Amino acid sequence: MTTGGSLEGFRVIDFTQGLCGPFCTMQLGDGGAEVIKIEPPAGDYARRMGPPFVGEESAVFLSLNRNKKSVVLDLETAYGRKAALQLANSADVLVQDFGPDGAERIGLGHARLREANPKLVYCSITPFGEDGPLRHACGSELVVQAMAEYTASLGRIGEKPVRVGADVASLNTGIFATQAILGALFHRLRTGEGQRVAVSEFGSLLHLRGIMWHSLGDPDDWYGFHLDHYTAPPDYGYQAKDGSLYFILRRANSEDWDRLVLELGMEQVLTDPRFADYGRAATSIGRYAAEVKPIWEKAFLNRTRDEIMSLVHSVGGDAVPFMDYPALLAHPQVAALETITEIDHSSAGKFKTLRPVARFSETQESIRLPPPQLGYHTREVLHAAGMVDSDVFSK
């Protein structure tokens with residue numbers, strides 16, 4: 001295995017703030033790219049998101065900005081724009097979230113940059129896209145979720161919609177932007193040609209929502225994963241003696257099914273049509289799962305989760321406990337994946353964070369740099385770009 005990542009040698013200039021763009025560029029940095037994070041004098045606004053804070057540092061910022069160098073430039077000044085332009089001309093990738101026409105206003109539009117750097121891969125991230133009546137609309141996680149109908153399938157039928165707890169718009173758009181950039185880099189390796197790519201949070205959620213819409217658009221009258229009802233009520237799992245678990249039966253045969261039912265004392269269900277096909281329609285998202293749930297929970301009443309999970313596993317089913325945060329971090333599967341690592345930060349001290357997801361056989365995804373303090377790398381980066389101290393620090 002080589003010590004460098006698969007993107008070693010690529011330089012990324014990052015003009016983004018918040019969650020979406022920084023999540024994208026962090027993935028590029030984890031892959032080995034050099035990421036230069038350009039921040040305004042006040043810093044990325046995510047530096048002030050909290051609580052929670054780790055010391056005086058925002059946990060949100062710390063979680064999204066490792067493997068980056070921070071350079072402070074005031075893009076409202078002629079010098080700041082000149083320095084940004086010089087850095088962009090030496091980049092392989094530029095990522096910005098200035099909004100439609102925002103980059104052009106400060107002289108960092110793609111048309112201008114490609115004249116000096118035709119190999120540049122230029123990525124624009126916006127809330128609602130670069131065309132249409134909402135092109136200039138501001139967007140936040142909840143705004144985009146609501147507009148993309150993502151809140152329609154949570155909560156309870158007839159009650160107010162509920163947002164998805166995770167930042168699905170911001171983080172999935174960061175992933176899609178990374179994919180687009182890598183695709184454009186692959187095209188460049190084949191042709192020598194850079195290009196502009198555009199990704200929107202709204203478009204990302206529409207893409208993810210497509211499975212639901214395709215299912216609902218089927219004209220046939222049938223029961224399916226999304227067709228029972230449009231809004232799925234909260235699923236709290238199945239209550240056992242010492243907590244909740246989730247289980248599904250999908251691989252049992254007749255012998256397994258009979259043994260499960262007898263051991264649980266549920267012989268009456270053998271003649272119940274809702275439990276036909278070895279219980280497949282009576283668990284998880286099965287057609288009758290909700291209405292027969294009390295039957296299962298009565299059988300589980302005096303059994304622990306571990307006892308039930310062991311029994312379900314023995315008949316070819318899937319069963320897991322409902323986890324909380326401390327229990328999840330302590331689970332041996334998390335340890336086996338080496339998911340958690342520790343970063344030593346100059347002001348926040350040591351804190352735990354998640355490692356990159358992918359594992360490569362020949363290249364190494366790694367955390368080389370802690371999240372940067374504001375402007376920590378300004379002198380280093382601008383010196384390397386040919387600017388002297390009087391240029392850097394007198395403007």
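The values are calculated or read from the model by the stated rules, or taken from the named source; none is laboratory data. Quick caveat: nothing in here was measured; it's all calculated off a predicted structure. Backbone-built Cβ (ideal geometry, glycine too); neighbour counts: all protein chains shown.
Table for the structure above
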item	result
So ASP14, is it in a loop (DSSP other than H, G, I, E, B) and acidic (Asp, Glu)	no
Conditions (1) among the charged types (D, E, K, R); (2) closer than 23 Å to LEU19 by Cα; (3) loosely packed, with under 14 Cβ neighbours inside 10 Å; number of the one not met by GLU365	(3)
The stretch 244-262: number of residues that are surrounded by 14 or more Cβ atoms within 10 Å (Cβ to Cβ) and of a type outside the set (Phe, Trp, Tyr)	11
Top-ranked residue of the stretch 330-362 - restricted to ones that are among the polar types (S, T, N, Q) and within 23 Å of the chain's Cα centre (by Cα), ranked as surrounded by the fewest Cβ atoms within 10 Å (Cβ to Cβ)	GLN333
Qualifying residue in the stretch 19-42 (condition: of a type in the set (S, T, N, Q) and in a loop (DSSP other than H, G, I, E, B))	no
Number of the condition not met by GLY50 [criteria: (1) surrounded by fewer than 16 Cβ atoms within 10 Å (Cβ to Cβ); (2) under 16 Å from LEU382 (Cβ atoms)]	(2)
Considering residues of the stretch 278-288 that are out of contact with any strand residue (DSSP E or B) (no Cβ under 9 Å at 6 or more places or on another chain) and outside any loop (DSSP other than H, G, I, E, B) only, the residue nearest to VAL320 (Cα to Cα)	ALA282
Matching option when the condition is free of Cβ contacts under 8 Å to residues at least 40 places away in the same chain and either closer than 20 Å to LEU208 by Cβ or not β-branched (Val, Ile, Thr) (or both), among LYS119, LYS160	LYS160
Residue within the stretch 139-148 that is in a loop (DSSP other than H, G, I, E, B) and closer than 22 Å to ASP44 by Cβ present	yes
Verdict on SER70 being in the same structural domain as ALA116 (by TED's automatic domain parsing), buried (at least 16 other Cβ atoms within 10 Å of the Cβ) and touching a residue at least 12 places away in the same chain (Cβ under 8 Å)	yes
Hey, LEU85 over 25 Å from PRO370 (Cβ atoms) and among the hydrophobic types (A, V, I, L, M, F, W, C) or not	yes
Lone unmet requirement of (1) in contact (Cβ under 8 Å) with a residue 12 or more places away in the chain; (2) more than 30 Å from THR353 (Cβ to Cβ) for ALA276	(1)
Yes/no for PRO371 being touching a Phe, Trp or Tyr at 6+ places or on another chain (Cβ under 8 Å), in the same structural domain as ALA88 (by TED's automatic domain parsing), surrounded by 12 or more Cβ atoms within 10 Å (Cβ to Cβ) and not charged (D, E, K, R)	yes
Residue match in the stretch 40-47 (condition: modelled with pLDDT of 95 or more, out of contact with any helix residue (DSSP H, G or I) (no Cβ under 6 Å at 6 or more places or on another chain), basic (Lys, Arg) and assigned by TED's automatic domain parsing to the domain that holds PHE186)	no
Contacts under 8 angstrom Cβ, first residue in the stretch 300-311 being closer than 13 Å to LEU249 by Cα, partner part of a helix (DSSP H, G or I) and not hydrophobic (A, V, I, L, M, F, W, C), 6 or more apart	LEU311/GLU263
Residues of the stretch 94-138 that turn out to be in a helix (DSSP H, G or I) and within 18 Å of GLN195 (Cα to Cα), as a count	9
Tally, over the stretch 179-211, of residues that are of a type outside the set (Phe, Trp, Tyr), more than 16 Å from ALA91 (Cα to Cα) and in a helix (DSSP H, G or I)	16
